[in-house]
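**Student:** Dropping a structure here in structure tokens format, bear with me for questions.
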Amino acid sequence: MTQQQIANITIEKWLTGWALSRHLPLPIPYRSGFKVDVGYKEQIARYVFPALHRDFFDLANTIEQPWIHLKVCAPPGALKQDLPERWVILPQGYFMHCYHEMPAPRKSLGNEYALLIEKDAATYVVKIMHQQGELAASGRIVLVDDIAVFDQVVTDPQHQRKGLASIVLKELEKIALAEDISEYCLVATDEGKLLYESLGWEMRAYYTSVVITGE
């Protein structure tokens, strides 16, 4: 099996986990990539390509409808020359992997927070609740074959800089390890990338998104 075939399988598993986490239809093959019918107001559908291929540009030239997202594992500079001007490049994402156990969090929750773990269909949800009833931080994980897909790891702005995201990630990891899964993947933002790298994650590819806005 080639490296590109492995990458294709990994992206399909990640996208499957992403869709399950958000209660969306599962991805279907589309040429060299995949499609998910999302149905959101500002994301009607998304096409995801594991590598930059002529298929990506053919699709970009065909679509004129707003809010259909095209996503590809390639740096934005590789798109600009052949991408029609109607497309807007969105803030950069990063496809990331981790193949080993993350270090223990440096901080504990303390008495003002409580940890909750819930199961939502195929998705496990870890929540950190503040003593006043606020959701301080949360994250989701879906186990797809031999890969754990991490999703929607967020911390409320009022509760940031307290190490809560690291605690959420570690609790999500425990769920994966309990099923003998030790390969993890996710798509990170610029800010999230720094956190994941501090925990031993590695960037495998740029994850660039483009869309025609409704403006």
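**Student:** Could you give every pair whose Cβ atoms fall below 7 Å, whose first residue belongs to region 51-69 and is within 12 Å of Ile212 (Cβ to Cβ), and whose second residue is of a type in the set (S, T, N, Q), counting only separations of at least 6 or pairs across chains?
**Tutor:** Within 7 Å, the pairs are Pro66/Thr213; Trp67/Gln43; His69/Gln43; His69/Ser209.
**Student:** Sort out for me the strands (runs of 3 or more DSSP E) sitting completely within region 98-215 that have 3 or more residues that are closer than 30 Å to Leu59 by Cα and not polar (S, T, N, Q).
**Tutor:** Numbers: elements: 113-120, 123-130, 135-144, 147-155, 184-188, 202-211.
Hits in region 98-215: 147-155, 184-188, 202-211.
**Student:** Which condition number does Lys80 fail, the rest of (1) assigned by TED's automatic domain parsing to the domain that holds Arg54; (2) touching an Asp or Glu at 6+ places or on another chain (Cβ under 8 Å) being met?
**Tutor:** (2)
**Student:** Please find, within region 156-191, the residue that is surrounded by the fewest Cβ atoms within 10 Å (Cβ to Cβ) out of those that are of a type in the set (Ser, Thr, Tyr) and more than 16 Å from Ser108 (Cβ to Cβ).
**Tutor:** Filtering region 156-191 down to residues of a type in the set (Ser, Thr, Tyr) leaves 166, 182, 184, 189.
Now restrict to residues that are more than 16 Å from Ser108 (Cβ to Cβ): 182, 184, 189.
On the way: Ser182: 15, Tyr184: 24, Thr189: 13.
Among residues in region 156-191 that are of a type in the set (Ser, Thr, Tyr) and more than 16 Å from Ser108 (Cβ to Cβ), the one surrounded by the fewest Cβ atoms within 10 Å (Cβ to Cβ) is Thr189.
The values are calculated or read from the model by the stated rules, or taken from the named source; none is laboratory data. In this text the structure is predicted, and so the values were computed from the model without any measurement. Neighbour counts run over all protein chains shown; Cβ positions are idealised from the backbone, glycine included.
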